[in-house]
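So the structure is just underneath, and the comments pick up after that.
The values are calculated or read from the model by the stated rules, or taken from the named source; none is laboratory data. What you are looking at is a predicted structure, and each value in this text was computed from that prediction instead of being measured. Here the Cβ positions follow ideal geometry from the backbone for every residue, glycine too, while neighbour counts run over all protein chains shown. Just so you know, the surface numbers come from the protein's heavy atoms only, side chains and all, with ligands and any DNA or RNA stripped out. Shrake-Rupley method; radii C 1.70, N 1.55, O 1.52, S 1.80 Å.
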Amino acid sequence: MNDKQLKDLKDKLWHAADMLRQGAHLAANKYGQPILGLIFLRYADILFKQHKAEIMEEFNKKKGTRAERTIKDISIDKCGFYLPPSAYYDYINDAPDDANKATLVKKAMEDIETENPKMLGVLPKEVYGALAPEEEPDLLSKIIRVFKDIPENISIDLFGEIYEYFLGNFALSEGKDGGTFYTPATVVQYMVNVLNPTCGDKQFLDPACGSGGMFVQAARYMHRHNATNDEMMQFRCYGVEKEPDTVKLAKMNLLLNNVRGDITEANSFYSDPYDAFGRFDYVMANPPFNVDEVVLDRVKDQPRFNTYGVPQNKTKSQKKNGDKKETVPNANYLWISYFATSLNSHGKAALVMANSASDASGSEYEIRQRLIKSGIIKQMVTLPSNMFTSVTLPATLWFFDKEKESSDKKDEILFIDARKVFTQVDRAHRKFSDEQIKNLTAISRLYEGNTNYFNNLIAEYENEKAKAPSEGTDELKSKKYWQDQIDWLTKCFPNGVYRDVTGLCKAAKITGEDGIEEQDWSLNAGRYVGVVIEDDGMTEEEFKEKMTSLNQSLQELQKDSEKLEETINNNFKELFHD
């Protein structure tokens, strides 16, 4: 299935949600639950069918021997779960188009959970009755038939993309509330590209995991970089999420994308279910910004929060009111510290944070100084505005690297200002294109001394250019489009090596002229990369000649103005002369 075919399929499937809007007895913000449940059911059916012959072959081969195993046990080994016959998609689809269809779907979900304890309480069940209203009892059947159109030879990675597409669309339709469980895929892809995770015996933490997109994108990245199945089996993800419904979305997302790991329902400020301090190879998250109700006494003595310092009011401006306890003035730096302290000696982290944290004052200023001096901060990236459904202002990406603390770049941080790098989706939303992600990633790779990535990317674009038509649309990119990508890279980095580029990137030292200390310990990329002054294409002599000519023209205009003013004054005198 090529990109266009996949896009067409996604668009067609999304119309199932439109059916709900006009007929279901369901609130608009509840569409996601039943639709994502049906996507999971179709996924389970297809994956089980893809392994069915292999499962039955092993079952028949060992039947009657001492090594005999049940179909259920073999299924769990082969595809990660067992699908009971009551959950076969064809069985449900072929049943009469009446209200009983909702009962069949509910039973399918219950039976899957019964046969697979790790899914217990994850799948939606009760909601399907609202999709078979009395005035339109066949509505649920229509939606089920839509998902039957997903081809049975589809790859699991593409199925995961369909699930993610629906998550993103539900987040857009729900606005701010949807943004609490979903980070736009292209932002996550860029974060993962910069982090450059490798698999094997590695552990990955997301302490505010939402629907699990960070884990899924990391797994896809490893697959694209030729990770073996054995290596992926060793890779483990650990997520924390406090919203029960979002925990269910995340668990389904991991199952759909064959990502191994656990999701725990908890509040990361007050619970540490995985004993995170110094443990993890990778940490990624898009945590909630500017939380201001975290009780100070419950976090101040925890090393995961206090290693660099806990945000506190300098003076207790908050008056005691009965049992009212003092709270942290802003929890942004609790998150930041949590990420830094959760890393093991070679760990790396990436997090989304409010822009305001880059210049925060008070106790946060002191914490930021300690983080910078430790050498753990590797890179700061300012994002364009309107990249998120729940935040309109630009956010900032923070990247940590524990190995940097003992490297020759300890006293240096890479700043990237990506505010002008985006693709407009609609009036209110932006994203990164695939090429923009790759181009921005090239800056990081060159800074790390990796020239192969840059050279391979140029070669990739040259190859795409050779195949492209002379003109094209967004779906059919032209030769000019690919040449523009090549020109951007070679203009910014003409020798294929990192250099500071005004308005784009700057490797800033802590000390020295225009250093981080001189900039009052700010981590705002705009303070370092500078502003581009548009090149007019003229030499110095041409510029002088042009300015001299303009000055002569100005003097002539001033003389004409003086003459005109004199004429007007004389005319007034004649007009009103007694």
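Candidates are the residues of the stretch 346-361 that are open to solvent by 50 Å² or more (accessible area, probe 1.4 Å) and modelled with pLDDT of 95 or more; the one that is nearest to S522 (Cα to Cα) is K348.
Of the strands (runs of 3 or more DSSP E) lying entirely inside the stretch 224-314, those containing at least 3 residues that are surrounded by 23 or more Cβ atoms within 10 Å (Cβ to Cβ) and at pLDDT 90 or above are 236-241, 280-285. Elements of the type strands (runs of 3 or more DSSP E) sitting completely within the stretch 393-474 and holding at least 1 residues that are open to solvent by less than 50 Å² (accessible area, probe 1.4 Å), out of contact with any strand residue (DSSP E or B) (no Cβ under 8 Å at 6 or more places or on another chain) and more than 20 Å from V192 (Cα to Cα): these cover 429-431.
Answer yes or no: is there a residue in the stretch 81-101 that is modelled with pLDDT under 90 and more than 30 Å from K142 (Cα to Cα). Looking through the stretch 81-101, none of the residues is modelled with pLDDT under 90 and more than 30 Å from K142 (Cα to Cα). Cβ-Cβ distances below 9 Å connect the following pairs, each with a first residue in the stretch 416-442 that is farther than 13 Å from Y190 by Cβ, a second residue that is at pLDDT 95 or above and part of a helix (DSSP H, G or I), and a separation of six or more residues or different chains: D417/Y528.
Identify the residue in the stretch 81-137 that is among the basic types (K, R) and not in a loop (DSSP other than H, G, I, E, B) and, among all such residues, is surrounded by the most Cβ atoms within 10 Å (Cβ to Cβ). For the stretch 81-137, the residue satisfying everything is K101. Remark: pairs (first residue in the stretch 323-337, under 11 Å from W398 (Cβ atoms); second residue open to solvent by 30 Å² or more (accessible area, probe 1.4 Å); Cβ separation under 9 Å; 6+ apart in sequence or on different chains) = N332/F289; N332/N290; N332/V291; N332/S356; W335/P288; W335/F289; W335/V291. Here the condition is being at pLDDT below 95, part of a helix (DSSP H, G or I) and more than 26 Å from L195 (Cβ to Cβ); of K480, K491, it holds for K480 alone. Exactly one residue out of K78, K52 is without any contact (Cβ under 8 Å) to a residue 24 or more places away in the chain and open to solvent by 30 Å² or more (accessible area, probe 1.4 Å), and it is K52.
Considering S444, S433, the condition of being among the small types (G, A, S) and farther than 21 Å from K404 by Cβ is satisfied by S433 alone. With F415, F339, F422, F400 as the choices, which residue is at pLDDT below 95 and not polar (S, T, N, Q)? Of F415, F339, F422, F400, the one residue that is at pLDDT below 95 and not polar (S, T, N, Q) is F422. Take the conditions (1) surrounded by 12 or more Cβ atoms within 10 Å (Cβ to Cβ); (2) in contact (Cβ under 8 Å) with a residue 24 or more places away in the chain; D484 misses just one of them, which is (2).
Among the residues of the stretch 138-153, those identified as within 18 Å of W14 (Cα to Cα) and either in a helix (DSSP H, G or I) or open to solvent by 10 Å² or more (accessible area, probe 1.4 Å) (or both) are L139, L140, S141, K142, I143, I144, R145, V146, F147, K148, D149, P151.
Summed over the stretch 513-554, residues that are assigned to a loop (DSSP other than H, G, I, E, B), loosely packed, with under 10 Cβ neighbours inside 10 Å, modelled with pLDDT under 80 and not β-branched (V, I, T) total 4.
Within the stretch 365-388, if we keep just the residues that are within 22 Å of D292 (Cβ to Cβ) and buried (at least 21 other Cβ atoms within 10 Å of the Cβ), the residue that is nearest to the chain's Cα centre (by Cα) turns out to be F388.
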